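FYI, it's all coordinate maths here, none of it is from the lab. Remember, it's a predicted structure, so these values are computed and weren't measured experimentally. Heads up, the Cβs are rebuilt from the backbone with ideal geometry, glycines too, and the neighbour counts pull from every protein chain shown.
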Amino acid sequence: MIRKATIMKVNHDSFEEYKKRHDELWPEMAVMLKEHGSHNYSIFLDEETATLFAYVEIESEEKWDQVAKTDICQKWWAYMKDIMETNEDNSPVSKELQEVFYLG
């Protein structure tokens, strides 16, 4: 498995709504993520900075790169754009983090 970590930003007034939307994750979104080789996907919130820390294990970079091209992902991004920092294509502004330590 490939471990990936990214950070994103959620609006300070949208913490509860962000959590609610993920608690009610669309079943077809969950299926798509699993079909594209993702496992153990977690998102954590630092309320002080409104920073989201996402961690996911993936089977391959190629499969993971295809997620953004799916219709359901495009719909999800449009659904989430009002509560977080996004790019022009509605994708979340995100920064991939470099792994510097792992204890397996």
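Basic side chains Lys and Arg get +1 at the Cβ, acidic Asp and Glu get -1 at the Cβ, and with that the dipole of the chain about its Cα centre reaches some 160 debye. Taking each residue as 0.36 nm, the span from Asp65 to Thr49 lengthens on full extension beyond its C-alpha to C-alpha distance by 3.0 nm. Based on the convex hull around the alpha carbon atoms, the range 62-104 presents an average projected area of 4.6 nm². With a cut-off of 14 Å between beta carbons, the residues surrounding Thr6 carry a summed charge of -3, where Lys and Arg count +1 and Asp and Glu -1.
Check each of the trypsin sites (Lys or Arg not before Pro) in the range 1-94 and keep only those in coil by DSSP with at most 12 other C-beta atoms within 10 angstrom; list them in order.
Lys69
Here, the range 38-79 has an Rg and a Dmax of 12.6, 34 Å when only alpha carbons are counted. Over the chain, the alpha carbon radius of gyration divided by the compact-protein estimate 2.2 N^0.38 Å works out to 1.06. Within the range 3-33, the GluC sites (Glu not before Pro) that combine a DSSP coil assignment with at most 10 other C-beta atoms in a 10 angstrom radius are Glu24. With loop membership from DSSP and a limit of 10 other Cβ atoms within 10 Å, the longest segment of the chain without chymotrypsin sites (Phe, Trp or Tyr not before Pro) is 1-100.
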